[in-house]
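Report on one structure; see the data block that follows.
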Amino acid sequence: MAEALRKSVPHETAEAPEAPRPIPLAPPADKRSRQETEAGEKVRPFKRGKLIRWGLFALLPVALLIVGYWYVTGGWIMSTDDAYVEAEKVGVSTDVAGIVKDVDVSENEHVKAGQVLYRLDPQQFQIALDNANANLAQTALMIDSMKQDYQRMLSDIAAQEAVVKFDHTTFDSDTMLLRSHTISQAAFLQVQAMLGNDENKLESLRHQAQVQLAKLSGSADVKITEHPQYREAKAKVDEAQRQLNDTVVKAPFAGIVTNVPSIAPGKYLAASTTAFFLVDTDHVWIEAQPKETELTYVHPGQPVTVTVDTYPDREWRGTVESLSPAAAQEFSLLPAQNTSGNWVKVVQRVPMRVRIETSDKSLPPLAAGMSVEINVDTGHPRGFPHFW
């Protein structure tokens, strides 16, 4: 029975004998290389960092020598970016008042020297010129008449002198006759009174002739064109002609006109009122404001290189033209005053003018107000510092 029960138990429930453990094998080659690499990476960073550190220590003296050499031999370039392009700018105007008749230019147009910019209505000025010319002709006739009157006065004086001479002869004769009682006392007194009247008339004629001669500038042969009254009238003609000419406004120099739409035909312009502006683009310069501590070795005539912010890849050549004799704050409306003990020293800026060479036509045009940077070659290195 027991044997039957043992036979009826399944074979799988029986305890199986313990299987032998597998013998560990060596890791694959790729796994060994990865482990060795990880171990090597733990060692190599330490060695590499140590080599870099010692390399940097070794390069430090070389870097110090290079920096020292650069400092001692450098420093001859004075650079500043507080600089701007400047050009001749003029407000176009005329000293006569009138109504605008024509505007012959347009906005931002390039004009030549002497080109007509605009015109005023010339009618009133033409009338004034015609009136001045008429007055000049009248003055010439008046001076000629004065010369003829003077000649007539001289003739009257000569005739009166003959009368006075005759009166003197009659008076002398009657005086002798009176002594011999040939004529009466009344007849003698009549001749004496006539002599006095004729002498007074002669004196009056001579006085009138002197006045007339004075009106002729002291010379009876004076030319009409040299007479003061004629010159005065001629000056009025010239002034009227000048005002008529000034109704046509021309460009004083070549450049570009701007703000032209501010005037138009029919607009009244008072005398000396700016119509628009003319900017000279052919003659430009640089106005810089370097610090006073940067101007130790800067002198007029030193070469300058100029770079413009608008054209960063282009370079202009120039020359230091002049240095201002006073700092910029000296010309301010309210200059700083040191009247208290609470004073802070501020580095001043001294205006400097740089002339630009514009002969190279391949360079782009420069406009007034552009920001620039200048580098002045002073030719003076720093040298070794003095510690004593």
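Summary table
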{"item": "Single residue of Met153, Met194, Met142 found to be touching a Leu at 6+ places or on another chain (Cβ under 8 Å), of a type in the set (A, V, I, L, M) and in contact (Cβ under 8 Å) with a residue 24 or more places away in the chain", "result": "Met153"}
{"item": "Top-ranked residue of region 236-258 - restricted to ones that are touching a Phe, Trp or Tyr at 6+ places or on another chain (Cβ under 6 Å) and part of a helix (DSSP H, G or I), ranked as farthest from Asp130 (Cα to Cα)", "result": "Gln243"}
{"item": "Near pairs, Cβ below 9 angstrom, 6+ apart or cross-chain, from region 202-222 (within 14 Å of Ser155 (Cβ to Cβ) and in the same structural domain as Ile143 (by TED's automatic domain parsing)) to any residue that is assigned to a loop (DSSP other than H, G, I, E, B) and of a type in the set (A, V, I, L, M)", "result": "Gln212/Ala220"}
{"item": "Qualifying residue in region 279-297 (condition: of a type in the set (D, E, K, R), at pLDDT below 95 and under 30 Å from Asp102 (Cα atoms))", "result": "yes"}
{"item": "Condition check for Glu373: under 19 Å from Ile77 (Cα atoms) and at pLDDT below 90", "result": "no"}
{"item": "Tally, over region 74-132, of residues that are among the hydroxyl-bearing types (Ser, Thr, Tyr), exposed (fewer than 15 other Cβ atoms within 10 Å of the Cβ) and not in a strand (DSSP E or B)", "result": "1"}
{"item": "Pick from region 168-227, criterion among the β-branched types (Val, Ile, Thr) and in a helix (DSSP H, G or I), ranking: nearest to Asp149 (Cα to Cα)", "result": "Val211"}
{"item": "Filter result (hydroxyl-bearing (Ser, Thr, Tyr) and either crowded, with 17+ Cβ neighbours inside 10 Å or assigned to a loop (DSSP other than H, G, I, E, B) (or both)) within region 259-280", "result": "Ser272, Thr273, Thr274"}
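The values are calculated or read from the model by the stated rules, or taken from the named source; none is laboratory data. All of these numbers come straight from a predicted model, not from anything done at the bench. Using ideal geometry, Cβ is built from the backbone for each residue, glycine included, and neighbour counts are taken over all protein chains shown.
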